[in-house]
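Participant: Below is one structure. I have some questions about it.
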Amino acid sequence: MIFRITLSAAMMVFHSIAFAGGLDRSGQPLDALFHKGGYAEFSFGSVDPSVSGSVVGQESGDMADSYTQVGAAYKSDLTDKWSLALIYDQPYGGNVKYPTGTTYPFTGSTAVLKSNGLTVIPRFRISERFSVYGGVRGQTINANIGIPAVSNYSGTARQDEGFGYVLGAAVENPEIGLLIHLTYGSAIEHENQTTETSAALGATPDSITILETPQSVNFNFRTGVAADTLVFGGIRWVNWSDFAITPRDYKLITKNSILSYENDVNTFSLGVARRLDPSLVMSFSIGYEASEGGLASNLGPTDGRTGLTLGLRYETGNTVISGGLNYTMAGDAKTNAVIGTSDFEDNDAIGVGIKVGVRF
């Protein structure tokens, strides 16, 4: 019971995935769904990555732009069996900005991808220890890209809305702080109206770019292991090998996609939380993705990662304030830089975040 009262929400309070596989940003968490009673939260994070490489002595400069992440959630008990959560996140993103004024082949290249997601998900308690949940996920996505080295290409994919679904099941035992949940998220298809220009083809009529964000599976757990001590972790699988962004003109010019991935990605996390006093909890966690090898994309020239997160959680009355600091080491990668193979090494990111939750 002591775990349920003091540590049930003391999981990783902020998780920077600046170098996560593909375009993953939020990890699409459902933590709010498992709070007791009514609950609402808002989170904000800022990530400052540093990524640079070189080819035959030509330096790329730092090509990864900093970015922010926001999230929000609301959860309410409808009956003693049914509850409902609304969860907002920014699931995918990309911020690429190669410095101008260098001799690096991709100097001046830019790419920005933005997304918003809203999940409406009811949960049904079969018993005190077993529950199932499932709901609808709406998502918007848009992107802009410019690659001077490829026929002075530029493209804009206007915002499009798409819908998918989420299904899952959970097992819990509050007496020992145990919660295990397994969640499947479907792929979501988008049809983005796209404007492209290039030196080779000029300004052409708009086209439709089919973009399907990948299906995923999240497995998460937490359990008490000693007095006032909780262990937590999880595995996230994302089907990035089926993802590609392939605008019409870009494919005509290069015979390739702007962005695609050869492999699916598995993300592992493991951490421990410890109550320091009745109102304060500290946590430490490690996140890991293995390197896949081969050539990485010039729009995401890292391969795997190891991240360390230190978190604090303070509770006063019905308010819970959580903060975290993350340091992520990016795996070294090689890319095709036209005139040779670029080496991107010793890159990293620092992230900070805060979350404010209120029980009612």
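The values are calculated or read from the model by the stated rules, or taken from the named source; none is laboratory data. Please read these numbers as outputs of a predicted model, since none were measured by experiment. Glycine gets a Cβ as well: all are built from the backbone with ideal geometry, and neighbour counts include every protein chain shown.
Participant: Within region 218-240, track down each residue that is at pLDDT 95 or above and more than 23 Å from HIS181 (Cβ to Cβ).
Facilitator: Matches in region 218-240: none.
Participant: If TYR184 passes every condition in (1) farther than 30 Å from ARG313 by Cβ; (2) in contact with a strand residue (DSSP E or B) (Cβ under 6 Å, 6 or more places away or on another chain) but one, which one does it miss?
Facilitator: For TYR184, the failing item is (1).
Participant: Related question: Any residue in region 243-262 that is surrounded by fewer than 22 Cβ atoms within 10 Å (Cβ to Cβ), touching a Pro at 6+ places or on another chain (Cβ under 6 Å) and either among the β-branched types (Val, Ile, Thr) or on the phi < 0 side of the Ramachandran plot (or both)?
Facilitator: yes
Participant: Cβ-Cβ under 7 Å, sequence separation 6+ or interchain: first residue in region 341-360 and closer than 30 Å to SER43 by Cα, partner small (Gly, Ala, Ser) and not in a strand (DSSP E or B). Which pairs?
Facilitator: Note: pairs meeting the criteria are ASN347/SER52; ALA349/SER16; ALA349/ALA18; GLY351/SER16; GLY351/ALA18; ARG359/GLY37; ARG359/GLY38; PHE360/GLY38.
Participant: Which of the residues that make up region 29-82 are hydroxyl-bearing (Ser, Thr, Tyr) and either within 20 Å of the chain's Cα centre (by Cα) or surrounded by fewer than 21 Cβ atoms within 10 Å (Cβ to Cβ) (or both)?
Facilitator: Correct list: SER43, SER46, SER50, SER52, SER54, SER66, TYR67, THR68, TYR74, SER76, THR79.
Participant: Within region 264-292, how many residues are in a loop (DSSP other than H, G, I, E, B), surrounded by fewer than 16 Cβ atoms within 10 Å (Cβ to Cβ) and more than 18 Å from the chain's Cα centre (by Cα)?
Facilitator: 2
Participant: Right, here's the next one. What strands (runs of 3 or more DSSP E) lie completely within region 307-349 and have 1 or more residues being within 17 Å of GLY21 (Cα to Cα) and in contact with a Pro (Cβ under 7 Å, 6 or more places away or on another chain)?
Facilitator: Passing ranges, in order: 333-336, 341-344.
Participant: Further question on the same structure: Do any strands (runs of 3 or more DSSP E) lying entirely in region 194-247 carry at least 3 residues that are within 23 Å of GLY155 (Cβ to Cβ), and which ones are they?
Facilitator: Once the strands (runs of 3 or more DSSP E) in region 194-247 are filtered for at least 3 residues that are within 23 Å of GLY155 (Cβ to Cβ), what remains is 207-213.
Participant: I'd like the full set of residues that are hydrophobic (A, V, I, L, M, F, W, C), modelled with pLDDT of 95 or more and either in a loop (DSSP other than H, G, I, E, B) or closer than 30 Å to LYS81 by Cα (or both), limited to region 125-149.
Facilitator: Those that are hydrophobic (A, V, I, L, M, F, W, C), modelled with pLDDT of 95 or more and either in a loop (DSSP other than H, G, I, E, B) or closer than 30 Å to LYS81 by Cα (or both): ILE126, PHE130, VAL132, VAL136.
Participant: Having 3 or more residues that are of a type outside the set (Lys, Arg), in contact with a Lys or Arg (Cβ under 8 Å, 6 or more places away or on another chain) and touching a residue at least 12 places away in the same chain (Cβ under 8 Å) is the bar; report the strands (runs of 3 or more DSSP E) wholly within region 37-79 that clear it.
Facilitator: 39-50
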